[in-house]
Amino acid sequence: MALEAAELPADAVEVGRIADAWGIKGWFKVIPHSASPEALFSSKRWYLLPSERGARTFVGPVLLKVREAKEHADTVVATAHEVEDRNAAEALRGARVFVARSSFPTAGEDEYYWVDLLGLDVVNREGLALGRVAELLSTGPQTVLVLAWEEDGKPRERMIPFVAAYVDDVDLAARRITVDWQPDY
């Protein structure tokens, strides 16, 4: 297996990790970080970093030129030009998969990639700062914004459902989300 050394693109986003080999012809199974793994299908250039734990079978980052990727149950299976057999696929186990953000499919109207919401400031209708998006949680039927802020020098968290009933506007250019929410909720 000859993996090509590469530099991670400046806009690289981690989208999954390689779980294991799949079959005997060099296919491998990827556990996507998203329930909608379109980013894995939209790019034929995946960048890998070695597993954070366990055996390191390559020094990264490396470029993987994907031949084909498809959904399989709740995972993605893929094959790449550099991965010729099961042994080569097994050597990728645990690798973190990155894709350039610029290769993501365009989001629809009122649709956002989580990675684009991280770090945005959240204010209410009165302009009061409620915090900054630190992470997002999927609770099944909805997504929840987890905001971080400090009060009296102590870190705090606030959760706001990311649904139309509470979210008035998302302005990615201004890096701000406006919500119908009060600080004492």
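Across the stretch 33-45, not a single residue is classified as over 16 Å from Glu68 (Cβ atoms) and outside any loop (DSSP other than H, G, I, E, B). If the condition is being in contact with a helix residue (DSSP H, G or I) (Cβ under 9 Å, 6 or more places away or on another chain) and acidic (Asp, Glu), then the stretch 19-49 contributes only Asp20. Taken across the stretch 33-41, residues that are farther than 25 Å from Ser138 by Cβ, surrounded by fewer than 20 Cβ atoms within 10 Å (Cβ to Cβ) and not assigned by TED's automatic domain parsing to the domain that holds Gln142 do not occur at all. Which one is surrounded by the most Cβ atoms within 10 Å (Cβ to Cβ), of the residues in the stretch 134-163 that are more than 18 Å from the chain's Cα centre (by Cα) and not in a strand (DSSP E or B)? Here the answer is Val163.
Identify all residues within the stretch 93-131 that are polar (S, T, N, Q) and within 22 Å of Gln142 (Cβ to Cβ); write none if there are none. Within the stretch 93-131, Asn124 is the sole residue that qualifies. Checking each residue in the stretch 13-28 for being surrounded by fewer than 20 Cβ atoms within 10 Å (Cβ to Cβ) and outside any strand (DSSP E or B) picks out Gly23, Ile24, Lys25. Screening the candidates Val76, Val62, Val99, Val83 for the property of being farther than 23 Å from Asp11 by Cβ, surrounded by 19 or more Cβ atoms within 10 Å (Cβ to Cβ) and either touching a residue at least 40 places away in the same chain (Cβ under 8 Å) or touching a Ser or Thr at 6+ places or on another chain (Cβ under 6 Å) (or both) yields one hit, Val83. Put simply, of Ala88, Ala69 the only residue that is touching a helix residue (DSSP H, G or I) at 6+ places or on another chain (Cβ under 8 Å) and either in a helix (DSSP H, G or I) or within 19 Å of Val13 (Cα to Cα) (or both) is Ala69.
Screening Gly108, Gly127, Gly119, Gly131 for residues that are touching a residue at least 24 places away in the same chain (Cβ under 8 Å), assigned to a loop (DSSP other than H, G, I, E, B) and either within 18 Å of Ala19 (Cβ to Cβ) or small (Gly, Ala, Ser) (or both) leaves exactly one candidate, Gly119.
The values are calculated or read from the model by the stated rules, or taken from the named source; none is laboratory data. Keep in mind that what you see is a predicted model, and the values were worked out from it rather than measured. Note that each Cβ is placed from the backbone with ideal geometry, even for glycine, and that neighbours are counted across all protein chains shown.
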